[in-house]
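*Asks:* Submitted below is the structure of interest, expressed as structure tokens.
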Amino acid sequence: LDLPRDVMKLVLSFIPNPGLMKDHVNGSTPLSLACSSSSDCSSSNSSNKVFVLEKLLYVAPGACSIPDSCGYIPLHYTCRVNCYLSTRVIGPLICAAPNSPTIPDKNG
């Protein structure tokens with residue numbers, strides 16, 4: 001039993017459009033929140049985080065181009081925060097939203 005993955009599958013099965021929901025604090029989608037959380041490059045949790053990101057991309061690829069209140073999209077956070085994950089996630093993020101590398105944040 002892989003609890004984090006099983007819990008993630010269960011949650012996604014009960015929530016309609018889970019990847020497009022936004023939090024009430026800064027307007028982040030679950031994908032943005034997952035991409036913005038830092039991850040230790042040597043962490044064994046990295047594979048679980050990649051799994052979560054892949055599932056969020058699968059259920060809501062449109063979330064790749066939804067900015068939060070700061071104007072950041074998931075690609076911005078992935079490039080700024082995650083060293084190991086960026087090599088595994090940038091490609092799928094760009095494939096889901098090919099224009100995402102050209103989307104500016106609020107600073108341009």
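The values are calculated or read from the model by the stated rules, or taken from the named source; none is laboratory data. Just so it is clear, the structure is predicted and the values come from calculations on it, not from any experiment. Neighbour counts run over all protein chains shown; Cβ positions are idealised from the backbone, glycine included. Accessible surface is based on the protein model in full, side chains and every heavy atom, while ligands, DNA and RNA are left aside. Shrake-Rupley method; radii C 1.70, N 1.55, O 1.52, S 1.80 Å.
*Asks:* How about the range 86-99: which of its residues are of a type in the set (S, T, N, Q) and surrounded by fewer than 18 Cβ atoms within 10 Å (Cβ to Cβ)?
*Replies:* Hits for the range 86-99 are Thr87, Asn99.
*Asks:* Would it be correct to say that Ala63 is within 12 Å of the chain's Cα centre (by Cα) and either surrounded by fewer than 19 Cβ atoms within 10 Å (Cβ to Cβ) or within 13 Å of Leu31 (Cβ to Cβ) (or both)?
*Replies:* Yes, satisfied.
*Asks:* Something else now. Leu53 passes all but one of (1) surrounded by 16 or more Cβ atoms within 10 Å (Cβ to Cβ); (2) at pLDDT 85 or above; (3) among the hydrophobic types (A, V, I, L, M, F, W, C); which number fails?
*Replies:* Only one criterion is unmet by Leu53, namely (2).
*Asks:* Of the numbered conditions (1) out of contact with any helix residue (DSSP H, G or I) (no Cβ under 9 Å at 6 or more places or on another chain); (2) open to solvent by 70 Å² or more (accessible area, probe 1.4 Å); (3) at pLDDT 65 or above; (4) more than 18 Å from Lys106 (Cα to Cα), Ser69 fails exactly one; give the number of that condition.
*Replies:* The single condition Ser69 does not satisfy is (4).
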